[in-house]
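Worksheet: one structure, shown below.
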Amino acid sequence: MAIRPFDAADWPAVWRFLEPVLRAGDTYSFPRDIGEDQAHQAWVSTPRATFVAVDEADRPLGTYYIKPNQPGQGDHVCNCGYVVDAAQRGRGIASSLCAHSLATARELGFTAMQYNLVVATNTGAVRLWQKHGFAIVGTLPGAFRHPTQGPVDAHVMYRRLDR
């Protein structure tokens with residue numbers, strides 16, 4: 001597996017595994033009926049950079065974006081979003097994407113990384129981010145409308161990049 005910058009030709013493959021995640025509505029706060037063009041805008045066009053994890057045949061297995069978390073005086077802290085193809089989960093791809101994003105963030109001059117809405121029921125993600133040095137710095141009670149569990153807590157997770 002390798003991680004490289006996103007190329008426009010990657011979008012059809014990325015959309016194939018991104019769309020079901022967004023439609024499920026249990027991990028991301030994007031509208032569940034988001035259109036492909038809107039998803040492309042949010043995942044590829046708006047962020048500072050987007051990357052893909054690819055197999056030996058250069059087929060996308062997972063992806064992440066990186067962008068400033070806030071404009072202006074908050075733009076030294078970045079935010080990332082990650083998705084791995086459901087058929088490829090359990091192979092350490094998300095962990096590799098996270099490690100890559102931390103290095104990329106430093107290269108881009110960010111001093112910290114923040115995840116704004118980590119759904120508390122997404123325990124695998126919470127554990128993975130903690131493994132990579134993120135701390136839960138706040139919990140927002142009932143801040144995420146889970147499609148099957150109703151309102152659930154969401155965490156704000158943060159990591160400085162100078163460590």
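The values are calculated or read from the model by the stated rules, or taken from the named source; none is laboratory data. Since the model is a prediction, treat every value here as computed from it, not as a measurement. Heads up, the Cβs are rebuilt from the backbone with ideal geometry, glycines too, and the neighbour counts pull from every protein chain shown.
Please go through the range 146-163 and give me each residue that is charged (D, E, K, R), loosely packed, with under 14 Cβ neighbours inside 10 Å and part of a strand (DSSP E or B), ordered by number.
Correct list: R160 only.
Which of the residues spanning the range 108-137 are among the hydroxyl-bearing types (S, T, Y) and either modelled with pLDDT under 95 or under 26 Å from P20 (Cα atoms) (or both)?
Y115, T121, T123
Counting only residues that are assigned to a loop (DSSP other than H, G, I, E, B) and closer than 19 Å to T50 by Cα, how many does the range 108-124 have?
4
Can we say A143 is among the small types (G, A, S), out of contact with any Phe, Trp or Tyr (no Cβ under 7 Å at 6 or more places or on another chain) and more than 17 Å from N69 (Cβ to Cβ)?
Answer is no for this residue.
Assess whether A105 counts as being under 19 Å from M1 (Cβ atoms), out of contact with any Phe, Trp or Tyr (no Cβ under 7 Å at 6 or more places or on another chain), outside any strand (DSSP E or B) and at pLDDT 95 or above.
Spelling it out, it is not the case that A105 is under 19 Å from M1 (Cβ atoms), out of contact with any Phe, Trp or Tyr (no Cβ under 7 Å at 6 or more places or on another chain), outside any strand (DSSP E or B) and at pLDDT 95 or above.
Can you name the number of the only condition in (1) of a type in the set (D, E, K, R); (2) more than 22 Å from V119 (Cα to Cα); (3) in contact with a helix residue (DSSP H, G or I) (Cβ under 8 Å, 6 or more places away or on another chain); (4) in contact (Cβ under 8 Å) with a residue 24 or more places away in the chain that E36 fails?
(4)
For the range 89-137, how many residues are at positive phi and touching a residue at least 12 places away in the same chain (Cβ under 8 Å)?
2
Those residues that are surrounded by fewer than 17 Cβ atoms within 10 Å (Cβ to Cβ) and under 13 Å from F51 (Cβ atoms), I need them from the range 7-21; list them, please.
Answer for the range 7-21, where residues must be surrounded by fewer than 17 Cβ atoms within 10 Å (Cβ to Cβ) and under 13 Å from F51 (Cβ atoms): just D7.
Condition first: of a type outside the set (S, T, N, Q), within 16 Å of the chain's Cα centre (by Cα) and surrounded by fewer than 18 Cβ atoms within 10 Å (Cβ to Cβ). Now tell me which residues in the range 103-127 satisfy that.
A103, A112, L117, G124, R127
Working carefully through the options R32, R59, find the one that is at pLDDT 95 or above, over 20 Å from M1 (Cβ atoms), surrounded by fewer than 18 Cβ atoms within 10 Å (Cβ to Cβ) and out of contact with any Asp or Glu (no Cβ under 8 Å at 6 or more places or on another chain).
Going through R32, R59 in turn, just one is at pLDDT 95 or above, over 20 Å from M1 (Cβ atoms), surrounded by fewer than 18 Cβ atoms within 10 Å (Cβ to Cβ) and out of contact with any Asp or Glu (no Cβ under 8 Å at 6 or more places or on another chain): R32.
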